Amino acid sequence: MLTNKKVLVLMILVLGLAFVLTGCGGDNKATSTGEKVIKIGFIGPLQGDVKTFGESTKNGFLMAIEQAGGKAGDYKIEYVIADDRNDATEAVNTATKLITQDKVKAIVGSVTSKTTIAASQLANDNKVVMITGTGTSPKVTVDNDKRKDFIFRGCFIDPFQGTVGAKFATETLKAKTAAILYDQGNDYTIGLSNFFKEQFTKSGGQILSMEAYSQTDVDFSAVLTNIAQQKPDILYLPDYYQKVSLIGKQAREKGINAIFLGGDGWDSTDLDYATMEGGYFTSHYSPDDPRPEVKTWVDAYKGKYNSVPDAFATLGYDATNLLLNAIKTANSDDPAKIKDALQASKDFSAVTGKLSFDKDGNPIKPAVILQIKDGKQAYVTTVTP
Amino acid sequence: MGGGEKPPPRFKNRSITAFSGFGPLYRNRQHSLLGVDMGVDVLEHVIGQVINGLQLGFMYALIALGYTMVYGVVKLINFAHGDVFMVGAFVGYLGFNQWGMPVPVAVLTSMAVCAILGVVIEKIAYRPLRYAPKIAALISALGVSLFLEYFCSLKFIFGPNYRVVQRPFEEVHWQLAGISISNIQVMVMVTVLFMLLMLQYLLYRTKVGMAMRTVSLDHDAARLMGVNVDSVISVTFAIGSALAAAGGVLYAIAYPQIQPFMGIMPGLKAFTAAVLGGIGIIPGAVLGALIMGQVETLTAAFLSSQLRDAIAFGILILVLLVRPCGILGKTETEKV
């Protein structure tokens, strides 16, 4: 009985879905007399451990298409949404399906670096344009020093934050000396540290010490005692929020008065705000940014989803807009032409700032500096590279 | 425009006086031999680092004591010890942060919970394997360790996330002749010394202690002499686990961030410390732990923070090559 019922419900659902889909199709054909259609895909983790990242990015994706009126140039946009559950294998499967069955010409996604790296190889091999809003690993667009021509991203890569952090430290905070603590087993913190060091030295600053720790360490007293003696202006802590909170607390206890500085790994409600008070970190976007583009975007998003857009929604929105703009410019559904248009994007006005692409498909665009102030994140400034 | 603690700029008054000529020379290097400015306060700095090492060493000692005691009596390396330590830290944290207990009550609760946990672990995982080959019990211990880690990571137990511990009291630093000592450091040292004395008293001045030493020498002979081996081993696990719990709570106060996998690394280091001092010998555990703490801290401070563990463990290997039974270990062969 029960199974019968289930089957019945399922059949109704399928029928309903088929009706809706065919309905849509019919609709398309009706309006698209003389109009051309381009299919694009979206991949993101809509279930699993980073489900909220995927949901936010999808919201940004949908909003960009909606605001464009479902069109890019002469082309009507049709989209397919796919879930990779933040699993690299699943990402390859969904990308295969999008490319071979749905025959999409371009893909927005995925969200995390590991899934994006896996899917990007496939997209590139099949000559389908792919742009990720949030995959920050350099390996997304470059594989063994070989550029994947069809792959782009809408966010800056990890090492860039180090450069921006150092610029901010020397130019705005007028710092002359800095000490760095980094996790020697984590590419993210190594990348940020090295680029911070390079830029800081280039700007005339001096790195007093660069000390390593491992992920399981909880006692930093030895290196912090040394740093306390050196009295740097800046203590650069480019790790994720838990480790940073712990180091920050011990640093203050050792009498280090330096200003704390870090990267987007700080961006969590679980950061120890009391300890990190006064510290600065580099990130992709802030809803408090006073630029009119940001305000328009935040208001529009609030109107539709009733919440403040986070970095994922914003970067997803920017990536989709970049793609739509490229389709419009190329005025073609040929991925090779869209790719060229995308690569040629110049000073594209995105919510996260004006951006162009470098030769590796990474955007050249500003980063925002946020400060931990009164137990909250406050927008400080925007730093252009 | 900073909040509370925006520092004044400091770059003008760099305190290089006596050896200012070495300043530029040093500054171009990332790791000088003494990772500090060559000032008159080098000695104070070194002493400061030694105190850092002492704190770390006493922390390892807190865990190493329980390890070595259980080994001494049962001849079993209880790999779950570090995870019992983790449970202790969590119960203590829940006690004084969530349930509003005063600190001593939280510590006692945590010790009681872990004592029971220790006895249960022994009953379920070790007792049935007591006469099986040693390796079986060892694997069982590893299993218990992993079980505790992943079970405690479940959402309805402690959850997989980091928890920030609100210290029940603030850390206070005392300046003694230019050397800074904190109340937490003092508390840790006093606790370890107290535990050490209590254990020595228990083992050498009480009936239970005598029973433990008897069991340690020979299970079967002890049973023939009327010692209840099972209950003696249970008591051993209860005490060892309670010690781990006390260590866990102190650890959570000293390094105020806890998570279900926090016991692995300290457990491993404490185990190494116990072996270094001579496993099964109570004062050896403390000695080994103090040496570990010093070597690690001084390596990170004056040689290289990157090579901290490599050099620290390298030295341990050297020590063990010279004295395979540990520093205080008995080298004479067992009588057959």
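The values are calculated or read from the model by the stated rules, or taken from the named source; none is laboratory data. It should be emphasised that the depicted structure is a prediction, and the values quoted were computed from it without experimental measurement. Glycine also receives a Cβ, built like all others from the backbone with ideal geometry; neighbour counts cover every protein chain displayed.
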Could you check how many residues of segment B:75-99 are closer than 17 Å to B:ALA285 by Cβ and either among the basic types (Lys, Arg) or crowded, with 24+ Cβ neighbours inside 10 Å (or both)? 6
Report, by residue number, each residue of segment B:239-273 that is under 10 Å from the mean Cα position of the chain (by Cα) and of a type in the set (Gly, Ala, Ser). B:ALA244, B:GLY247, B:GLY248, B:GLY263, B:GLY267, B:ALA270, B:ALA273
Criterion first (over 26 Å from A:LEU224 (Cα atoms) and free of Cβ contacts under 8 Å to residues at least 12 places away in the same chain) does A:ASP289 satisfy it? no
Selection from segment B:30-66 of residues modelled with pLDDT under 50 and at the interface with another protein chain (Cβ under 10 Å from one of its Cβ atoms) yields B:GLN30, B:HIS31, B:SER32, B:LEU34, B:GLY35, B:VAL36, B:ASP37
Count of segment A:272-286 residues which are in contact with a strand residue (DSSP E or B) (Cβ under 8 Å, 6 or more places away or on another chain) and more than 12 Å from A:ILE247 (Cβ to Cβ): 10
Tally the residues that are within 18 Å of the chain's Cα centre (by Cα) and part of a strand (DSSP E or B), restricting the search to segment A:42-90. 4
Within segment B:246-259, is even one residue at positive phi, surrounded by fewer than 24 Cβ atoms within 10 Å (Cβ to Cβ) and not in a helix (DSSP H, G or I)? no
So how many residues does segment B:260-273 have that are in a helix (DSSP H, G or I) and either more than 11 Å from chain A (Cβ to nearest Cβ) or not hydrophobic (A, V, I, L, M, F, W, C) (or both)? 7
Meets criteria (charged (D, E, K, R), free of Cβ contacts under 8 Å to residues at least 40 places away in the same chain, in a helix (DSSP H, G or I) and within 30 Å of A:LEU271 (Cα to Cα)) for B:ASP309: yes
In segment B:141-165, how many are touching a Phe, Trp or Tyr at 6+ places or on another chain (Cβ under 7 Å) and aliphatic (A, V, I, L, M)? 4
Considering residues that are crowded, with 24+ Cβ neighbours inside 10 Å and among the β-branched types (Val, Ile, Thr), the number found within segment A:90-111 is 5
Mind checking whether some residue in segment A:300-308 is more than 17 Å from A:THR381 (Cβ to Cβ), modelled with pLDDT under 90 and within 14 Å of another protein chain (Cβ to nearest Cβ)? no
Can you find a residue that is within 14 Å of chain B (Cβ to nearest Cβ), among the hydrophobic types (A, V, I, L, M, F, W, C), within 26 Å of the chain's Cα centre (by Cα) and surrounded by fewer than 24 Cβ atoms within 10 Å (Cβ to Cβ) anywhere in segment A:189-200? yes
Taking the condition of being over 14 Å from B:PHE237 (Cβ atoms), over 21 Å from the mean Cα position of the chain (by Cα), part of a helix (DSSP H, G or I) and charged (D, E, K, R), how many residues in segment B:107-160 meet it? 1
What about A:ASN325, is it surrounded by fewer than 24 Cβ atoms within 10 Å (Cβ to Cβ) and touching an Asp or Glu at 6+ places or on another chain (Cβ under 7 Å)? no
Spot the failing condition for B:ASP230; the list is (1) under 25 Å from B:VAL120 (Cα atoms); (2) within 14 Å of chain A (Cβ to nearest Cβ); (3) surrounded by fewer than 18 Cβ atoms within 10 Å (Cβ to Cβ), and only one is missed. (2)
Search segment A:215-245 for residues being facing another protein chain (nearest Cβ under 7 Å) and within 19 Å of B:ARG308 (Cα to Cα), and hand back the single one that is surrounded by the most Cβ atoms within 10 Å (Cβ to Cβ). A:VAL223
Does segment A:260-272 hold any residues that are facing another protein chain (nearest Cβ under 10 Å) and at pLDDT 85 or above, and which are they? A:PHE260, A:ASP272
Do we have B:ALA252 as touching a strand residue (DSSP E or B) at 6+ places or on another chain (Cβ under 7 Å), under 20 Å from B:ILE51 (Cα atoms) and either within 14 Å of chain A (Cβ to nearest Cβ) or not polar (S, T, N, Q) (or both) here? yes
Return only the number of the condition from (1) out of contact with any Phe, Trp or Tyr (no Cβ under 7 Å at 6 or more places or on another chain); (2) farther than 25 Å from B:SER231 by Cβ; (3) surrounded by 14 or more Cβ atoms within 10 Å (Cβ to Cβ) that B:PRO168 does not satisfy. (1)
Does any residue in segment B:122-139 that is touching a residue at least 12 places away in the same chain (Cβ under 8 Å) and farther than 15 Å from B:HIS219 by Cβ come within less than 6 Å, Cβ to Cβ, of a residue that is assigned to a helix (DSSP H, G or I) and aliphatic (A, V, I, L, M) six or more places away or on a different chain, and which pairs are these? B:ALA125/B:VAL144
So B:SER216, is it modelled with pLDDT under 85 and either surrounded by 14 or more Cβ atoms within 10 Å (Cβ to Cβ) or within 14 Å of chain A (Cβ to nearest Cβ) (or both): no
